[in-house]
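To start, the structure itself, in structure tokens.
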Amino acid sequence: MDICEAVSSIRNKNKINIHGYLMVKDKKRNNSYYWYCKKRDQLRCNGRATTMFTKNQYHLVKFTDHNHAADASQVKVVKSLNLLKEQAQQTNDQLVQVIQSVLAGSS
Ligand SMILES: [Zn+2]
């Protein structure tokens, strides 16, 4: 069984990389997660996947073919964006702390 890599940020776990295809979470039943192709609407793609979530990992159970090629660069882009968002979030938090400590010191 293949292990699939979630490509979402910590706060937004709704995308996964399955064989280089970016999939979006559709629904969840018990430990089963159902995914559809991110390009479903754009390309009328019927690519779907089912994974089991065990031991903190997504294991591929079922996979249907896409009508287009896998796009690993797209997965990379999403991962980079998520990383950026997380770093921006952390920077924001630090900024808030700095402001709060300055305000606390000035009162
Ligand atoms: Zn597809």
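For Y36, Y58, give the ranking by accessible area with the largest first, probe 1.4 Å.
Values: Y36 50, Y58 20 Å².
The residues order as Y36, Y58, largest area first.
What is the Å³ per residue value for the convex hull set by the Cα atoms of the chain? Don't skip to the answer; put the middle values down first.
Details: hull volume 14.1 nm³, N = 107.
Spread over its residues, the Cα hull of the chain gives 132 Å³ apiece.
Taking all protein chains as present, what is the carbon and sulfur share of the accessible area of the chain, in % to the nearest whole number, probe 1.4 Å?
Values: 3870 of 7590 Å².
After summing per-atom areas, the C and S share lands at 51 percent.
Report the residue, chosen from N14, N31, N82, that carries the largest GNM mean-square fluctuation when the chain is represented by alpha-carbon nodes joined by springs under 10 Å.
Of N14, N31, N82, the Gaussian network model singles out N31 as fluctuating most.
On C-alpha positions alone, give me the angle between the axis of helix 72-106 and the longest principal axis of the chain, in degrees, nearest 10.
Helix 72-106 sits roughly 20 degrees off the main axis of the chain.
Going by Cβ distance under 4.7 Å, what cysteines of the chain have no possible disulfide partner?
So, C4.
Counting heavy atoms of the protein chains only and a 1.4 Å probe, report the per residue accessible area for the chain as a whole number of Å². Present the calculation step by step, with values, prior to reporting the outcome.
Numbers: 7590 Å² over 107 residues.
I get 71 Å² per residue for this part.
Within the stretch 4-86, list the trypsin sites (Lys or Arg not before Pro) lying in a DSSP loop whose Cβ has at most 15 other Cβ atoms in a 10 Å radius.
Details: sites: R11, K13, K15, K25, K27, K28, R29, K38, K39, R40, R44, R48, K55, K62, K76, K79, K85; in loops: R11, K13, K38, K39, R44, K55.
Here the trypsin sites (Lys or Arg not before Pro) that fit, given the DSSP loop and packing criteria, are R11, K13, R44, K55.
The values are calculated or read from the model by the stated rules, or taken from the named source; none is laboratory data. Here the structure is a predicted model, which is why all the values come from computation and not from measurement. Ideal geometry is used to build each Cβ from the backbone, glycine not excepted, and the neighbour counts take in all protein chains shown. Protein only, heavy atoms only, side chains kept; ligands, DNA and RNA dropped before computing areas. Shrake-Rupley method; radii C 1.70, N 1.55, O 1.52, S 1.80 Å.
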